[in-house]
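Step one of this worksheet: look at the structure below.
The values are calculated or read from the model by the stated rules, or taken from the named source; none is laboratory data. This structure is a prediction, so every number in the text was calculated from the model and none was measured. As a convention, Cβ positions derive from the backbone with ideal geometry for all residues, glycine included, and neighbour counts pool all protein chains shown. Quick note on the areas: whole protein, heavy atoms, side chains included, nothing else; ligands and nucleic acids left out. Shrake-Rupley method; radii C 1.70, N 1.55, O 1.52, S 1.80 Å.
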Amino acid sequence: MTIRAAALVGHGGPEVLQLKDLPLPEPGPGEVRVRPRAVALNHLDVWVRKGWRGLELGFPHVVGADAAGVVDAVGEGVTDLDPGEEVVLSAGHFCGRCIDCIAGRENLCSEYHLFGEHRPGCAAEAFVAPRRNLLRKPEGLDFEVAAAVGVATLTAWHMLTARARLRRDETVLVHGASSGVGCAAIQIARHRGARVIASTSSDEKAERAAALGADEVINYRAEDLKVRLKSLAPGGVDVVFEHTGELTWPISVRALKVGGRLVTCGATTGHAASIDLRVLFARQLELLGSTMGTRSELATCLELAARGPLAPVIDRVLPLEEIHAGYAALEAADHHGKIVLAVGGQGNA
């Protein structure tokens, strides 16, 4: 049997991502084979495609970190999942033996990495994952929505709840409000009773951010972000939700009130950010890094999505064959929310 898969044949531009016929993977001991119904795209796949120093992959390398689908087969030792059950992939792979893993803090594991990054991903008609990386999909939750919860919503949840400790009635500034993680951050902040100021790049995206629950939205291409922030939060904001990096970093630091917290998970506009240390210590700021989250937090996000407080925003659903169009929109920031692939093939004999 073979399956259709979106795989890298090397590092470089969009041309190195190709649709390939690959052997149907077999689950080993403790593993499960899943037939995904939906796969959500992430910037992670773009970075992996381009490559970085120290990233060593075997090619062809299947991309994709977010998926929801149906159990197809189980390996030896898997007794609590059966073929036909609906599951969601928890994208973080970890050792399961260290102190952090035992304590349920697997995203701090020294061996932590993501599907589609240092191991084959899920953008295929079938993929294999350790049993511990699969959560049961809540009933009534669409496959597309379940896949969209994954990396983006989990990352935003961990950033705001575990790292920034966002509290009711605090004010949070959310950059990149039209991205998947930005859309999730707006909803999570509102769910926790915070006031949300969002920044985005167009009036259309601003309207959508407001519809998600942002109290104030700034179109930074139409008005001065620093000036508007000062008028909306004269004393500064309690929390800045950062993931854009170099472009917004100086504004983000200056936007914080005394004792404020900045939490960041990415650097899509560049990583060479700097800070005046006098500002850091004199204003008693907290700078917090964050990567992904835990399986327990993902389960919470899935339940909230199933019940309604969180509603992952899906910009569009494309067939697997149109993955290049999806990534082109992602790289051009021509989207609002998540771009999802519909996957339903059963392979070829």
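Please report the accessible area of residue 314 (heavy atoms, 1.4 Å probe, ligands and nucleic acids excluded) in Å², nearest 10.
Number for this one is 50 Å².
Over all directions, how big on average is the projection of the convex hull of the alpha-carbon atoms in the range 292-349, in square nanometres?
So the Cα hull casts an average projection of 6.0 nm².
Run through all the Cα pairs of the range 203-349 and give the fraction in each 5 Å bin from 0, expressed as whole percent.
2, 7, 12, 15, 19, 17, 13, 7, 4, 2, 1, 1, 0, 0
D for the chain, whole µm²/s, Stokes-Einstein with Kirkwood Rh over alpha-carbon pairs at 10 °C and 1.306 mPa s: what number?
77 µm²/s
Kirkwood Rh over Cα pairs of the range 197-236 into Stokes-Einstein at 10 °C, 1.306 mPa s: D in µm²/s?
Once the numbers are plugged in, D ends up at 157 µm²/s.
How do 224, 276 rank by accessible surface area computed with a 1.4 Å probe, from largest to smallest?
So the residues, ranked largest to smallest area, are 224, 276.
Considering amide H positions built from the backbone, and no H for Pro or chain starts, which residues 5 or more places from residue 37, or on another chain, come under 5 Å of its amide H?
68, 69, 70
What is the extension gain from residue 19 to residue 303, computed as 0.36 nm multiplied by their sequence separation minus the C-alpha to C-alpha distance, in nm to one decimal?
98.9 nm
In terms of modelled amide H atoms, which long-range or inter-chain residues lie less than 5 Å from the amide H of residue 314?
Excluding prolines and chain starts, which carry no amide H, the hits are 338.
Each residue of the range 210-215 in order: what ³J(HN,Hα) in whole Hz does its phi give by Karplus 6.51 cos²θ - 1.76 cosθ + 1.60, θ = phi - 60°, with x for Gly and Pro?
After applying 6.51 cos²θ - 1.76 cosθ + 1.60, I find 5, 5, 6, x, 5, 6 Hz.
Most fluctuating residue of 146, 255, 67 in a GNM of the chain with Cα springs under 10 Å: which is it?
Its mean-square fluctuation being the largest, the pick is 255.
Give me the percent of accessible area attributable to carbon and sulfur for the range 151-203, probe 1.4 angstrom.
Reported share for carbon and sulfur atoms: 40 percent.
In the Gaussian network model of the chain, springs joining C-alpha atoms below 10 Å, which of 62, 240, 46 carries the largest mean-square fluctuation?
In this elastic network of the chain, the residue with the biggest mean-square fluctuation among 62, 240, 46 is 46.
Step through the residues of the range 24-31 one at a time and calculate ³J(HN,Hα) from phi using the Karplus curve (6.51 cos²θ - 1.76 cosθ + 1.60, θ = phi - 60°), rounding each to whole Hz and writing x for Gly and Pro.
Values, residue by residue: 4, x, 9, x, x, x, x, 10 Hz.
Rounded, prolate or oblate for the range 10-74? Axes are the square roots of the Cα gyration tensor eigenvalues, ordered a ≥ b ≥ c, and the cut-off for rounded is a/c under 1.5.
Note, shape of the range 10-74 comes out prolate.
Could you work out the Kirkwood radius for the range 231-296, taking every pair of different alpha carbons, averaging 1/r and inverting it, reported in Å?
12.4 Å
Note down the Stokes-Einstein diffusion coefficient of the range 21-147 in µm²/s, whole number, using a Kirkwood radius over alpha carbon pairs, 4 °C, and 1.567 mPa s.
So the translational diffusion coefficient is about 86 µm²/s.
Heavy atoms of the protein only, probe of 1.4 Å, neighbouring chains included. What is the accessible area of residue 99 in Å², nearest 10?
130 Å²
For labels at residue 282 and residue 52 in the simple 7 Å Cα→Cβ model, what's the distance in nm?
For residue 282 paired with residue 52, the spin-label model returns 3.3 nm.
Which entries of 50/338; 257/338; 20/338; 230/338; 50/226 have Cα-Cα distances beyond 29 Å here?
Correct reply: 257/338; 230/338; 50/226.
Over the range 230-349, what percent of the accessible surface lies on carbon and sulfur atoms, probe 1.4 Å?
Its accessible area is 55 percent carbon and sulfur atoms.
Given charges of +1 on the Cβ of Lys and Arg and -1 on the Cβ of Asp and Glu, with all other atoms neutral, how large is the dipole of the chain about its Cα centre, in debye to the nearest 20?
Here the chain has a charge dipole of around 1180 debye.
For the range 157-169, just list the computed ³J(HN,Hα) in residue order, Karplus coefficients 6.51, -1.76 and 1.60, θ = phi - 60°, integers in Hz, with x standing in for Gly and Pro.
Result, rounded to whole Hz: 4, 5, 4, 7, 8, 7, 8, 7, 6, 4, 10, 4, 6.
For 228, 208, 168, what's the largest-to-smallest order of accessible area, 1.4 Å probe?
168, 208, 228
Send over the semi-axes of the range 100-167's equivalent ellipsoid, whole angstrom and largest first, taken as the square roots of 5 times the C-alpha gyration tensor eigenvalues.
For the range 100-167, the ellipsoid semi-axes come out as 22, 19, 12 Å.
For every helix of n ≥ 4 consecutive DSSP H residues, a contribution of -39,500 (n - 2.57) applies; sum these over the chain, divide by its total residues, and give [θ] at 222 nm rounded to the nearest 500 deg cm²/dmol.
The helix-only estimate for the chain comes to -6500 deg cm²/dmol at 222 nm.
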